1. Considering each residue of the stretch 182-202, count those that are open to solvent by less than 10 Å² (accessible area, probe 1.4 Å) and within 10 Å of A116 (Cβ to Cβ), and give that number.
2. Can you tell me which residue in the stretch 58-112 is farthest from Y124 (Cα to Cα), limited to those that are of a type in the set (V, I, T) and over 19 Å from the mean Cα position of the chain (by Cα)?
3. Check F71, F76, F47 and return the single one that is surrounded by 24 or more Cβ atoms within 10 Å (Cβ to Cβ) and of a type in the set (A, V, I, L, M, F, W, C).
4. Scan the stretch 13-47 for residues that are of a type in the set (G, A, S) and not in a helix (DSSP H, G or I) and report the count.
5. In the stretch 296-313, is there at least one residue being open to solvent by less than 40 Å² (accessible area, probe 1.4 Å), part of a helix (DSSP H, G or I) and more than 30 Å from L212 (Cα to Cα)?
6. Within the set of pairs 6 or more residues apart or between chains, which connect a residue that is in contact (Cβ under 8 Å) with a residue 40 or more places away in the chain inside the stretch 196-208 to a residue that is part of a loop (DSSP other than H, G, I, E, B) and among the hydrophobic types (A, V, I, L, M, F, W, C) with Cβ atoms less than 9 Å apart?
7. Test each condition in (1) under 26 Å from T252 (Cβ atoms); (2) open to solvent by less than 10 Å² (accessible area, probe 1.4 Å) for I55 and report the one that comes out false.
Amino acid sequence: MDLLHSAGVQVVQYLQENYQGSQDWFLFISFAADLKTTFFIFFPIWFHLCEAVGIKLIWVAVIGDWFNLVFKWMLFGQRPYWWVRETGYYGNTSTPVIQQFPLTCETGPGSPSGHAMGSAGVYYVMVTALLPGLLSTQHRSCAARCLHGLLWLVFWAVQVCVCLSRVFLAAHFPHQVMAGVISGMVVAEAFNHIPAIYNASLRRYLGTTLFLFSFALGFYLLLKALSVDLLWTLEKAKRWCDRPEWVHIDTTPFAGLLRNLGILFGLGLALNSQMYLESCKGEMGQQLLFRLSCIVASLLLLHLFDSFDLPTDRELLFYVLSFCKSTAAHLCAVALIPYCIAQVLRRGHKKIL
């Protein structure tokens, strides 16, 4: 592995030395590839335009990130920014110097890349959601074929940018981002064959949430009892990150897990609520004005939730509040916002009559 890691460090050095002018672009790509973009931007747009795609986005993102966590705990992957300072591979020769950035100091294990895996899964869902309309075109016109190719070109362009960004920032080795892309596509493709997610009951959402949390916590406690600390990377991040403020609690494994499970549970609560049934499932739900109003209001509300900072001085409290915040945010976006907008539009229609 040392040989593979050293080759990866050379790639990191090459990108940092030759593409230093693209630093802001790589930082933006890494920020945009975070699953928060899916939860707070892509999801409300897709859900209120095509409900099935929005639901699939959440399931793919949450389950994919859960698998990513389990894989990371099993593979014990290193990260370039700490490996290069700890390894004895270079012996008496000079150790390569690589830069760090505000998004470098992730606190979890490095393999596979969560950003690459999440981005691949999410964009795979969105691209494949757009393809049926093109494929159903009779005899597939030249324009349809070109657009089909363009969609996949955009998909791969995004994945390449995400992979380069994560390597440039010294957050991942090249083999880790490639493993992430493949894993993300596999998870997304698997959900093309699981239609049960579209009509899942609240009981199934609750059961799934409890299973995912219990499995992760049980796996962690079991290995801890065997003297294997799955949070071994936290000490490395705090020790080798150039600036302590770049180490964020929301990048820890359990922070991401509780945030994602809160979003999944919030979606389940909303889809099985009376507010949702009376708004999105009624005649109002078919109106374009209603859908567009829901998108705008949901984006604004989710932005407010995202901008609300949680206290970080107590780790356990942060995890609990993160779960509650995510649950409330998506309950509001899926059920409360549409219900309120539907009531306003109905009253306006009655006044006109």
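1. Residues in the stretch 182-202 being open to solvent by less than 10 Å² (accessible area, probe 1.4 Å) and within 10 Å of A116 (Cβ to Cβ): 1 in total.
2. At the first step, the residues of the stretch 58-112 found to be of a type in the set (V, I, T) are 58, 60, 62-63, 70, 84, 87, 93, 95, 97-98, 104, 107.
If we keep only those that are over 19 Å from the mean Cα position of the chain (by Cα) as well, we get 84, 87, 93, 95, 97-98.
Numbers: V84: 33, T87: 37, T93: 44, T95: 39, V97: 36, I98: 32 Å.
Among those that are of a type in the set (V, I, T) and over 19 Å from the mean Cα position of the chain (by Cα), it is T93.
3. Answer to the check: F47.
4. Start the filter on the stretch 13-47 by keeping residues that are of a type in the set (G, A, S), which leaves 21-22, 30, 32-33.
Subset that is not in a helix (DSSP H, G or I): 33.
Within the stretch 13-47, residues that are of a type in the set (G, A, S) and not in a helix (DSSP H, G or I) number 1.
5. Yes - at least one qualifying residue is present in the stretch 296-313.
6. Taking only residues 6 or more apart or on different chains, the pairs are T208/A200.
7. (1)
Yes/no per residue for (1) within 18 Å of the chain's Cα centre (by Cα); (2) under 24 Å from W59 (Cα atoms); (3) at pLDDT 95 or above:
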position: H139; (1), (2), (3): no, no, no
position: C142; (1), (2), (3): no, no, no
position: H172; (1), (2), (3): yes, no, yes
position: H175; (1), (2), (3): no, no, yes
position: F211; (1), (2), (3): no, yes, yes
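The values are calculated or read from the model by the stated rules, or taken from the named source; none is laboratory data. What you see is a predicted model, and the numbers here were worked out from it, not measured in a lab. Ideal geometry is used to build each Cβ from the backbone, glycine not excepted, and the neighbour counts take in all protein chains shown. Heads up: the accessible areas ignore ligands, DNA and RNA and are worked out on the full protein's heavy atoms, side chains in. Shrake-Rupley method; radii C 1.70, N 1.55, O 1.52, S 1.80 Å.
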